[in-house]
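Here's the structure we're looking at; comments come further down.
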Amino acid sequence: MSNDDKIAQVCDGLNMLNEDNSIPRNIRRGAEEVKATLLNNGNPLDVRVATATSKLDEMANDPNIPLHGRTLIWNIMSRLEELA
């Protein structure tokens with residue numbers, strides 16, 4: 001599986017997070033920011049992955065996020081680790 005395919009899978013997960021109305025608005029907004037970061041080809045892949053992982057970690061530690069949202073974030077982060 002190519003890196004582009006893996007990034008597409010991560011973006012699908014971020015879209016699921018963004019479209020879930022049970023997720024707080026700040027987390028959904030963060031998912032959009034992470035997606036934009038990953039798709040910005042102006043930076044090297046390792047920098048994009050590190051930035052996205054850091055932001056996702058902050059989001060996963062938000063006390064207001066429901067358990068299913070946190071699980072989805074962890075799944076996305078594990079996909080990102082395959083790129084690093």
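Assorted remarks:
- D57 vs. criteria over 11 Å from the mean Cα position of the chain (by Cα) and either surrounded by 12 or more Cβ atoms within 10 Å (Cβ to Cβ) or hydrophobic (A, V, I, L, M, F, W, C) (or both): no
- Selection count, the range 53-62, where residues are free of Cβ contacts under 8 Å to residues at least 24 places away in the same chain and part of a helix (DSSP H, G or I): 3
- Note on the range 1-52: among residues that are among the charged types (D, E, K, R) and in contact (Cβ under 8 Å) with a residue 12 or more places away in the chain, the one that is farthest from L83 (Cα to Cα) is D20.
- Options I76, I65: the member that is aliphatic (A, V, I, L, M) and outside any helix (DSSP H, G or I): I65
- Of all residues in the range 19-50, exactly one satisfies the criterion of being in a helix (DSSP H, G or I), more than 10 Å from the chain's Cα centre (by Cα) and of a type in the set (S, T, N, Q), namely N26.
- Failed criterion for L14 (all others in (1) at pLDDT 95 or above; (2) out of contact with any Lys or Arg (no Cβ under 7 Å at 6 or more places or on another chain) hold): (2)
The values are calculated or read from the model by the stated rules, or taken from the named source; none is laboratory data. A quick note: this is a predicted structure, and the numbers were derived from the prediction, not measured. Using ideal geometry, Cβ is built from the backbone for each residue, glycine included, and neighbour counts are taken over all protein chains shown.
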